[in-house]
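Engineer: First the structure, then my questions, so here it is.
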Amino acid sequence: FCWHQKSPSKLLAFLYAAVAYHYSLKMSRLMIVCGPIVSVLAGYPVGFLIDWCLEQVIGLLCRAPALPPDSAPAERTGGMGSIWRCFWRWIGAAFVPGEVVDLWAAKERFAVRLPFIDRPLRLGVAAILCYVSYHAMKEPTEKWIQHCDMMGEHMGNPKLMFQTQLNTGETVMVDDYVRGYEWVKANTPADSRVMAWWDYGYQITGIANRTSIADGNTWNHEHIATLGKILTSNEKKCHNAMRHLADYALVWAGGRGDDMGKSPHLARIGNSVFPSHCGDDDPLCHKFSFYQGGEPTPMMAESFLYKAVKHGTKQNVHLNPKFWREVHTTKYGLLRVFKVMNVSQESKAWNADPANRVCDAPGSWYCVGQYPPALHKLIAMRKNFKQLEDFNKGGSEKSAYTKLIEKETGRSSEGSRRKRKKDKGEL
């Protein structure tokens, strides 16, 4: 349909689709850029059908009678027209067989000779098409509208507040997250930096109006992995890094998708860039997880994240007061804030210096950022992560995580090939 009645606007849609498809392959969440163009392209055939049906109504009511075609004008010679006609003589029959050409010519003669039959017949075909299309699309459209209404209601509810029922049967609105961020805004210095998992970065920036160490712009995998390693390290290692980056640490607690549920993923992401975090023998970081009964593994139990979430709520689980001090826990315990002790003022001043805010990497458009000199030893331990589409590139040592993903991807591809051969009877 992009090539029917070609116009610059339709060619733009084709180019948009190609670009959107290309970038959606780079990151699954970028598939959202395909939404507008898919809607546009889906509307092309519908619009084409409606235009044709309306044309038949207009033709029956007020179109002038069709006239016999005049003798064909002499063909112009030279230029692209000659090239196109020569090209079409050779391959045209492959696309439009002679039978189709004859049928089209017969249709045109019929319209000229018997317009009082041709036009009502066209209108009847248009009515049948409209009727069939309506009944074919009615049920799917109704289901789609119901689905959109349901998802709109679900997604329209505020994520930071929810209604629940207490053990007493009382229904309450839990607004711990909002109140927690408001507390940060009202009770911390304006230049405070807050370290939390990147999921809460925009909330820290937008509601608490404080600097977040990371947010939803996760193109820089190495930075997110550095954050994951720091949060899932033991208290001393965590504090040694955190004191150079943040003034406060913020965690979600109390269940309901809190940081403990996410923590194995944090450790795994950290291990994808810091292979020593869990070791080459454990690329998926199973050392940082829960046992079957819900108890943490030794690595998890020693981590800052576990102790911050469970601080004072579980027997013998407390953060070291030399490293952190609890300054706020919300009413229902869903958000907790800890002040980082002994913050490095030298690193803080280095971070605040505009001369050190170098963002764009050479030859690239994304931000790799810089870290205070005191963290150079930690940063030197990183092995840059390669996305799946980069696994075929050589020239650098691959981490155990990368090798595992390559192995799993290869095994999946081989399994798919064997299944196709089996279906074809080749095995």
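Engineer: Determine if region 341-352 includes at least one residue that is assigned to a loop (DSSP other than H, G, I, E, B), farther than 18 Å from residue 255 by Cβ, modelled with pLDDT under 90 and open to solvent by 30 Å² or more (accessible area, probe 1.4 Å).
Structural biologist: no
Engineer: Quick check: is even one residue across region 142-161 within 30 Å of residue 60 (Cβ to Cβ) and in a helix (DSSP H, G or I)?
Structural biologist: No, region 142-161 has no match at all.
Engineer: Considering only region 290-338, state which residues are in contact with a Lys or Arg (Cβ under 9 Å, 6 or more places away or on another chain), surrounded by 16 or more Cβ atoms within 10 Å (Cβ to Cβ), part of a loop (DSSP other than H, G, I, E, B) and in contact (Cβ under 8 Å) with a residue 12 or more places away in the chain.
Structural biologist: 311, 319, 323, 330, 334
Engineer: For residues that are of a type outside the set (A, V, I, L, M, F, W, C), assigned to a loop (DSSP other than H, G, I, E, B) and touching a residue at least 40 places away in the same chain (Cβ under 8 Å), scanning just region 218-257, find the one that is farthest from residue 179 (Cα to Cα).
Structural biologist: Among those residues, the one meeting the criterion is 220.
Engineer: Return yes when residue 230 is closer than 20 Å to residue 341 by Cβ and over 24 Å from the mean Cα position of the chain (by Cα) and no when it is not.
Structural biologist: Against the criterion (closer than 20 Å to residue 341 by Cβ and over 24 Å from the mean Cα position of the chain (by Cα)), residue 230 qualifies.
Engineer: For region 119-173, enumerate the residues that are closer than 30 Å to residue 109 by Cβ, open to solvent by less than 90 Å² (accessible area, probe 1.4 Å) and of a type outside the set (A, V, I, L, M, F, W, C).
Structural biologist: The answer is 119, 120, 122, 124, 133.
Engineer: Pick from region 189-232 the residues that are of a type in the set (S, T, N, Q) and open to solvent by less than 10 Å² (accessible area, probe 1.4 Å): which of them is farthest from residue 369 (Cα to Cα)?
Structural biologist: Restricting to residues being of a type in the set (S, T, N, Q) and open to solvent by less than 10 Å² (accessible area, probe 1.4 Å), the top hit is 232.
Engineer: Same structure again: Quick check on region 123-171: of everything there that is of a type in the set (D, E, K, R) and modelled with pLDDT under 90, which residue is nearest to residue 202 (Cα to Cα)?
Structural biologist: This residue is 159.
The values are calculated or read from the model by the stated rules, or taken from the named source; none is laboratory data. None of the values given here were measured: they were computed from a predicted structure. Note: ideal-geometry Cβ built from the backbone for every residue, glycine included; neighbour counts use all protein chains shown. In case anyone asks, the SASA skips ligands and DNA or RNA and just uses the protein heavy atoms, side chains included. Shrake-Rupley method; radii C 1.70, N 1.55, O 1.52, S 1.80 Å.
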